[in-house]
1. Which of rounded, prolate, oblate describes region 117-222, given a ≥ b ≥ c as roots of the alpha-carbon gyration tensor eigenvalues and a/c under 1.5 marking rounded, otherwise prolate only if a/b is larger than b/c?
2. Which of the listed residues, PRO82, VAL109, VAL68, is farthest toward the dipole's positive end in region 66-221, when Lys, Arg count +1 and Asp, Glu count -1 at the beta-carbon?
3. Return a single number: how many Lys pairs in region 66-221, at a sequence separation of 8 or more or on separate chains, have alpha-carbon atoms below 27 angstrom apart.
4. For the pair ARG147 and VAL63, what calculated FRET efficiency results from E = 1/(1 + (r/R0)^6), where r is the Cβ-Cβ distance and R0 = 22 Å, to the nearest 0.05?
5. Under 5 Å between amide hydrogens, which residues at least 5 positions from ASN158 or on another chain qualify, with H placed 1.01 Å from N in the peptide plane?
6. Under unit Cβ charges (Lys, Arg +1; Asp, Glu -1), what dipole magnitude, rounded to 20 debye, does region 66-221 have relative to its Cα centre?
Amino acid sequence: MASSSFYTSLIPNTTTFNQQKQPLILFPRTRLGIPTKPSSLVVVSSAAVETEPITTLPSRSKVLPFRVGHGFDLHRLEPGFPLIIGGINIPHHRGCEAHSDGDVLLHCVVDAILGALGLPDIGQIFPDTDPKWKGAPSSVFIEEAVRLMHEAGYELGNLDATLILQKPKISPHKETIRSNLCQLLGADPSVVNLKAKTHEKVDSLGENRSIAAHTVVLLMKK
């Protein structure tokens, strides 16, 4: 959990926030306890997850005309888990083993925004030691990062993300993933770019034992 020197307090547990506009994500029915085919999807709102958003930014944050942040994440792929990328359930025989939903793309986007704001990483703000985040949709983490971005007086200039995985092919799902990411960020599609690369069968990524993502964001002062 983040140090008290960064944050003054936590908002009490709540099951709703950002009530004017709740972003929706595609989430596997199996994670909701609804028996169905592994690849089927159901739309859920992140408002259903109990959260403790951060209330304030560090007082030491310097006001700059723009800020740049980089995010990186990697997860091991194992049988029996859904493969969720950008809030979209991708049919595959392996998925990300993680405390939350293991969404490698959304996790690194969150880290990029937090990094640009000079905040601790996603693991400190949403620790995997807290049972509250067990199986949680990563849209919850995105919402908090976007809230902090606006609270600091910044907006998204542009975002460039790269997925690294050997299998499955992302091209059939690329636009769906990008569209959902834009919705979660409240961003115009023209400022959100998504690429996918293989790892040429090298190391755990190339051997289809893991998946990784890099993201760079530019935040601009409003």
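1. On the way: a/c = 2.00, a/b = 1.31, b/c = 1.52.
Taking the square roots of the gyration eigenvalues as a ≥ b ≥ c, region 117-222 is oblate.
2. PRO82
3. Pairs that pass both the separation and distance tests number 12.
4. On the way: r = 18 Å, r/R0 = 0.83.
Between VAL63 and ARG147 the formula returns 0.75.
5. It is LEU218, by chain and number.
6. Details: 15 positive and 19 negative charges, 86 e Å.
The dipole of region 66-221 has a size of about 420 debye.
Values quoted throughout were computed directly from the atomic coordinates according to the rules given, and no laboratory measurement underlies them. What you see is a predicted model; the values in this text were computed from it and never measured. Neighbour counts run over all protein chains shown; Cβ positions are idealised from the backbone, glycine included.
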